[in-house]
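The values are calculated or read from the model by the stated rules, or taken from the named source; none is laboratory data. This is a predicted model, so every value here is computed, not measured. Please note: Cβ atoms are built from the backbone with ideal geometry, for glycine as well, and neighbour counts cover all protein chains shown. Heavy atoms of the whole protein, side chains included, go into the accessibility calculation; ligands, DNA and RNA do not. Shrake-Rupley method; radii C 1.70, N 1.55, O 1.52, S 1.80 Å.
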Amino acid sequence: MIDSNHFNGGDVTPDTKLMQAAIDIAKTEKTPFGAVLAMGDQIFVTAANQTKALNDPTAHAELLAIRKLAEHLQKTDLSGFTLYTTCEPCPMCMSAAIWAGVDTVVYGCSISTISKFMEQIQIDCEFVNRNAFRKVETIGNFMKNECLKLLKRYA
């Protein structure tokens, strides 16, 4: 995992506009969890956590974004896309990103930070990534302070 505080280049340079879009959808839906799927600087879909609204424990922002984009494109291969998410993907969401072929995941707050506000499964996305058949570039702690404000407000 690349920590955005020590980012030294690579295939993807995190984009504040794209993370801000994830933050904005989370604020609109009054949740700490927002996600964006983008290619380059173009946003294709946004989503926010809807677990309570849909009575669906799997309706995490990342999964909803992946489902929405796959449906829109009529394909399951989302290679070339970057997933921006306000909080580190849980094991379910990181696995979905891997299965979908997402190239890069950029997240704000880590699972250890989220755990200070709510229960979490203590498996970070890098553990899932290391044990997967396909590797996804991950960039953590990007715009962490802005994302932390969501946790403080809505958790």
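What the table shows:
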item	result
Of all residues in region 41-52 being part of a loop (DSSP other than H, G, I, E, B) and in contact (Cβ under 8 Å) with a residue 12 or more places away in the chain, the one that is most open to solvent (accessible area, probe 1.4 Å)	ASP41
ALA38 at pLDDT 95 or above, of a type in the set (A, V, I, L, M), out of contact with any strand residue (DSSP E or B) (no Cβ under 8 Å at 6 or more places or on another chain) and outside any helix (DSSP H, G or I)	no
Region 129-150 - residue that is crowded, with 16+ Cβ neighbours inside 10 Å and within 20 Å of MET92 (Cα to Cα) and, of those, farthest from the chain's Cα centre (by Cα)	ASN129
Filter result for the condition that a residue is open to solvent by 10 Å² or more (accessible area, probe 1.4 Å), among the basic types (Lys, Arg) and in contact with a helix residue (DSSP H, G or I) (Cβ under 6 Å, 6 or more places away or on another chain), over LYS30, LYS68	LYS30
Single residue of region 101-128 satisfying the filter (open to solvent by 10 Å² or more (accessible area, probe 1.4 Å), part of a helix (DSSP H, G or I) and touching a strand residue (DSSP E or B) at 6+ places or on another chain (Cβ under 9 Å)) that is nearest to SER79 (Cα to Cα)	GLU126
Output for region 53-82, where each listed residue is without any contact (Cβ under 8 Å) to a residue 24 or more places away in the chain and closer than 21 Å to LYS135 by Cα	ARG67, LYS75
